[in-house]
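Working notes, structure below.
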Amino acid sequence: MKGKTAIVTGGSRGIGRAVCLEFARRGANLVINYAGNQAAAQETVAACQAFGVSVLALQGDVAEEADCARIATAACETFGSIDILVNNAGITRDNLLMRMSEDDFDAVIRTNLKGSFLMMKAVSRQMMKQRYGRIVNVSSVVGLSGNAGQVNYAASKAGVVGMTKSFAKEVASRGITVNAVAPGFIETDMTAKMTEAAVKAAAASIPAGRMGTPEDVAAAAAFLASQEAAYVTGQVLAVDGGMY
Ligand code: NAP
């Protein structure tokens, strides 16, 4: 990835942070997007810069088209190209369907699904011009299997799979690949919200016998974002310790 430019949405914490660090270790210059946690973003920036790469941190809501356009333009103006996009920003608003509000449904679809759509749209012109691009969308095992209490989240992540496979077909002839990773249960702030009983039940359903780490997901994303993965497109790579 030496000299390549990567945009990572939601790069301040968790899986996105681990992706940024792995890409920096491989020599990519980075645009790290985050929603509001500037302190976490600055910490990730410093950790990536330690690998000797250039890093730009940009606050922005991936569900706002103007923010996505601003992020893509800044990447081009600063580094001259957009080679890799990782659509990682995501949220949960869990509840059983009968108790789920319309707002909670809309918020999750907006960030997880529409946000990925808008970012792909924002980088697509530049990637077409370059005749090179690697897009990695972060779906979830829940989008493949379903999960009680996550109708909104599972719908958004299943949507990401359909979007990945469709856009892959649209741009394959232009040297652009579009793939997804589907993480299982990964130790981050997102899963820290789960009750101890829920974590225990989840861990018991993982053949590998442990929760995943953000680094487990970052390694898979790095493969799909590499030049070597040129003939892999429209795929969903589960990173779930054998869960699904
Ligand atoms: P996390 O620790 O909660 O971090 C979420 C990241 O997304 C943060 O950087 C946050 O920025 C950013 N973000 C949230 N809303 C945003 C928005 N509207 N615009 C821009 N950035 C936004 O989450 P995580 O566990 O690392 O999850 C990362 C991705 O992996 C998500 O798509 C999630 O659905 C997926 N995933 C996670 C798991 C898991 O077990 N953890 C499993 C499967 C899939 P701030 O720091 O500024 O808030």
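The values are calculated or read from the model by the stated rules, or taken from the named source; none is laboratory data. Keep in mind the model is a prediction, meaning the values are calculated, not measured. No Cβ is skipped: glycine too gets one built from the backbone with ideal geometry, and neighbour counts run over all protein chains shown. Ligands, DNA and RNA are excluded from the accessible area calculation, which covers all protein heavy atoms including side chains. Shrake-Rupley method; radii C 1.70, N 1.55, O 1.52, S 1.80 Å.
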Structure-based [θ]222 nm, the chain - -39500 (n - 2.57) summed over DSSP H runs of at least 4, per residue, nearest 500: -14000 deg cm²/dmol
³J(HN,Hα), Karplus 6.51/-1.76/1.60, whole Hz, each residue of segment 43-51, x for Gly, Pro: 5, 5, 4, 4, 5, 6, 4, 4, 8
Length-normalised contact order for segment 5-239 - Cα pairs under 8 Å, 6+ apart - percent: 20
Expected-Rg normalisation [2.2 N^0.38 Å, Cα atoms] applied to the chain: 0.95
Prolate/oblate/rounded label for segment 1-121 (Cα gyration tensor, a/c 1.5): prolate
Neighbourhood charge, 10 Å Cβ-Cβ cut-off, centred on N147 and excluding it, Lys, Arg +1 and Asp, Glu -1: 0
Cβ-based net charge around A75, under 12 Å, with every Lys or Arg adding one and every Asp or Glu removing one: 0
Space enclosed by the convex hull of the alpha-carbon atoms of segment 119-244, per residue, Å³: 107
Anisotropy class of segment 85-153 from Cα gyration tensor, a/c 1.5 cut: prolate
5 angstrom amide H check on V236, placed H, neighbours 5+ away: A180
Where the chain is the region considered: accessible area per residue in Å², 1.4 Å probe: 45
Solvent-accessible surface (1.4 angstrom probe) belonging to I91, in square angstrom, nearest 10: 40
Spacing of the two label points (7 Å from each Cα toward its C-beta) at R26 and V232, in nm: 0.9
The chain - percent of accessible surface contributed by carbon and sulfur, probe 1.4 Å: 53
Cut-off 19 Å (backbone N to label point 7 Å along Cα→Cβ of A148), residues of segment 65-100: 93-100
Solvent exposure, largest accessible area first (probe 1.4 Å, DNA, RNA and ligands not counted), of F223, F23, F167: F223, F167, F23
Accessible-area order (highest first, 1.4 angstrom probe) of the listed residues C68, C76: C76, C68
